[in-house]
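Scroll down for the structure; my scribbles are underneath it.
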Amino acid sequence: MRVKFAIIIFLAVFTLSGCAYIQKAKRSDELEIENQNLRARIAQLQKEKTKEVENVVKQKDRELSELEKAKLELEDALKKEIGNYKAKLEMTERGLVITFLSEVFFDSGKDVIREDGKESLQKVAGVLNQNIPNSNVAIEGHTDNQPIKYSGWKTNWELSSGRALAVLHYLIDKCNVRPTRLSANGYGEFRPVAENDTKENMQKNRRVEIVILPSKISKVKAD
């Protein structure tokens with residue numbers, strides 16, 4: 001009787017051990033399948049990420065190429081202004097920057113665009129509309145540090161803002177540049193490009209900058 005009971009116990013333990021082994025093997029197989037699926041998903045995500053990065057690089061290259069072509073067009077269109085040192089073009093990390101001395105557009109202390117200045121803006125608008133129609137454009141007004149005395153403006157902030165807005169409205173009203181592409185800012189005397197220690201340097205600081213942004217960028221980076 002004891003032998004029979006021992007045999008039953010042994011068979012029971014063996015059966016339970018066998019079931020546990022089978023369950024363990026089954027779980028091991030399930031985990032391996034999960035691991036394989038996870039590795040495949042990671043590989044797919046890495047592939048997608050690589051493709052996304054490649055697309056971003058290609059897009060940046062296209063945008064840069066567009067701005068470089070626009071720069072060549074503007075250099076040709078603004079030959080007179082550039083040759084007279086009244087304007088310059090620079091490719092910066094913000095985008096393509098066209099810098100005009102304020103006297104190209106405005107009489108001293110004024111925000112009304114001069115007739116000869118309108119011609120320069122029409123040249124710029126032609127390139128904006130034809131060559132880079134999807135790029136946003138930021139217009140920035142700047143002054144020297146001389147206090148306002150006779151022109152009626154409260155401070156250089158108002159003068160620089162008024163001039164930036166005058167350029168913006170001219171591009172919209174007379175040159176058919178889409179208003180959704182444009183923004184205007186006045187920085188007064190607080191972003192000089194030269195010391196305000198000579199007449200020549202103060203002239204450099206009195207300027208209007210037209211910043212042409214890459215087509216996927218919606219605002220100018222702060223300096």
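Calculated FRET efficiency, Met91 to Asn37, Cβ-Cβ distance, R0 = 41 Å: about 0.30 to the nearest 0.05. Computed about the Cα centre, the dipole magnitude for segment 63-212 is approximately 300 debye when only Lys and Arg (+1) and Asp and Glu (-1) carry charge, each at its Cβ. Of all alpha-carbon pairs in segment 63-212, indicate the percentage at a distance above 26 angstrom. Distances greater than 26 Å cover 20 percent of the Cα pairs. Label point of Glu119 set 7 angstrom out along Cα-Cβ; within segment 152-184, no amide nitrogen lies under 14 Å from it.
The numbers here are math on the coordinates, done by the rules we state, and not lab data. Computed from a predicted model, the values in this text were never measured in an experiment. Note that we place each Cβ from the backbone using ideal geometry, even for glycine, and neighbour counts take in every protein chain shown.
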